[in-house]
Amino acid sequence: MATIAELKSAVKETLESRGVLSQLKARIRAEVFSALEDQREPRPPLSHENLLLNELIREYLEFNKYRYAASVTFAKHLFGSFSSVFTESGQPEVPLDRQFLADELKVTEDASSKSV
C-alpha cells in the first residue's frame, strides 16, 4: 500500500505533467492578492487608451508564453458560480481582435509582423 508521501508525490507529479498545478498556484495567488487589495478605494474607469495598453500587455504575455503571469494579471471576477466576461481591470475576457488593435494604433501589419 502506498504511503501518504508517495500518494502526495504522485498527485503532484500528475498535476505538474498536465500543467494544472501552475494554473492552480496562479489562481490562488490572484485570489490572495484580491483579498488583500483595499476594496474601499474604487478603481478609475477603464479609458480607451488603457484598454489598448492592457491588450498589448496581454498579447505580449501570451506571445512569450507567460501564461501564468497572464492568468494572474487578467484574472476573472468570480460572483458565486458565475464568472464575468470582464477581468478585474475591466478588460474584456476575450482578447480584442488583432485587426481592430492594429487600426486603433495605426499600425500596418505585413506578413512578417502577423506571426508576432
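The values are calculated or read from the model by the stated rules, or taken from the named source; none is laboratory data. Being a predicted model, the structure only gives us computed values, none of them experimental. No Cβ is skipped: glycine too gets one built from the backbone with ideal geometry, and neighbour counts run over all protein chains shown. Note: areas computed on protein heavy atoms with side chains; ligands, DNA, RNA excluded. Shrake-Rupley method; radii C 1.70, N 1.55, O 1.52, S 1.80 Å.
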Residues in the stretch 3-13: is at least one closer than 29 Å to Asp103 by Cα, in a loop (DSSP other than H, G, I, E, B) and not small (Gly, Ala, Ser)? no
Matching option when the condition is open to solvent by 100 Å² or more (accessible area, probe 1.4 Å), charged (D, E, K, R), modelled with pLDDT of 85 or more and in the same structural domain as Ala102 (by the TED database), among Glu55, Glu49, Glu6: Glu49
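Outside the structural domain of Arg98 (by the TED database) and within 19 Å of the chain's Cα centre (by Cα): does that describe Glu31?
Judged against the criteria, Glu31 is a match.
With respect to Ser81, determine if the residue is modelled with pLDDT under 85 and exposed (fewer than 11 other Cβ atoms within 10 Å of the Cβ).
On the way: modelled with pLDDT under 85: yes; exposed (fewer than 11 other Cβ atoms within 10 Å of the Cβ): yes.
When the stated conditions are applied, Ser81 passes them.
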